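S.K.: Below you'll find the structure I mean.
The values are calculated or read from the model by the stated rules, or taken from the named source; none is laboratory data. In this text, all values refer to a predicted model and were calculated from it rather than measured experimentally. Cβ placement follows ideal geometry from the backbone for every residue including glycine, while neighbour counts extend to all protein chains displayed. Accessible surface is based on the protein model in full, side chains and every heavy atom, while ligands, DNA and RNA are left aside. Shrake-Rupley method; radii C 1.70, N 1.55, O 1.52, S 1.80 Å.
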Amino acid sequence: MYLAKEVCRIEKIKSVGALGAVYEHNLRLRDVINADETKTNYNLELTERPLGKTFVEIFHDKIAESPWYKNGKHDIAKNAIYAVEFMLTFGNEATGKIDIDSWAKNNYQWLCENFGGKQNVISAILHLDERTPHIHAIVIPLDEKGKLNYTKYLGGKKYRLSEVQDNYHEQVGKLHNLERGVKGSKASHTDIDNFYSMINEAVAPVTLPDPERKTGFF
């Protein structure tokens, strides 16, 4: 019997401005209404993001170093997806029944294995300062040529996102006895900020211990 439903929410980031706003939210550089400031120090970065580098700076570095874009060889397409944000969490019924460290590690491995490797997963932060543990992950969708290519990973056909959800369930959800969401759901689209609020309002508060502060798994 499943403990709860898993959540794998995917949002496109279409500009450096939007990428900067996500950085401020994920790194708690602006007020987050639902976050408990006394627990913010327990949030855990799962990636080895260069010290002091913002998401925008990392994006520009990757474009500058890319064989596709380097030295102005190609311009970024006007309709390009600059990055993808993943919101990964689970229903409150599973609270206290999941090994959070193991769950977070499995999520990070899934991201790396399916979206171009560690070099594309520029950030994955386990947030423990809100009402339920969850991960915000940022992926720059560069393909083997170094080109921004959202379609390679998340597009190309009508049911591609459903396939990604299936894959997430097989590689992560099942390991923690979580149930896949309903296929073909007609739930309306909500943007990332609204979804953050929805997640926090929909679940019961989690009582966290006061662990030793961590710096990362890898």
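S.K.: Mark the label point 7 Å from the Cα of N92 along Cα→Cβ and return the residues of segment 129-160 whose backbone N is within less than 12 Å of it.
M.R.: So the set is 131-133.
S.K.: Now, a different point. So if we plug the beta-carbon distance of R30 and K105 into 1/(1 + (r/R0)^6) with R0 = 30 Å, what FRET efficiency do we get, rounded to 0.05?
M.R.: The pair R30/K105 has a calculated efficiency of 0.60.
S.K.: Work out, in µm²/s and without decimals, the Stokes-Einstein translational diffusion coefficient of segment 18-122 at 20 °C, 1.002 mPa s, Rh from Kirkwood over C-alpha pairs.
M.R.: The Stokes-Einstein estimate is 131 µm²/s.
S.K.: When all protein chains stay in place, what accessible area (Å², nearest 10, 1.4 Å probe) is found for F59?
M.R.: Accessible surface of F59 is approximately 0 Å².
S.K.: Roughly speaking, what is the stretch gain from K78 to E163, that is 0.36 nm per residue apart minus the C-alpha to C-alpha distance, in nm to one decimal?
M.R.: 27.9 nm
S.K.: Could you provide, to the nearest whole Å², the per residue accessible area of segment 1-147 with probe 1.4 Å?
M.R.: That works out to 48 Å² per residue.
S.K.: Below 8 Å between Cα atoms, with a sequence gap of 6+, how large is the relative contact order for segment 1-138 in percent?
M.R.: 40
S.K.: Note down the relative contact order for segment 61-149 as a percent, whole number, built from C-alpha pairs under 8 angstrom at least six residues apart.
M.R.: Relative contact order, segment 61-149: 38 percent.
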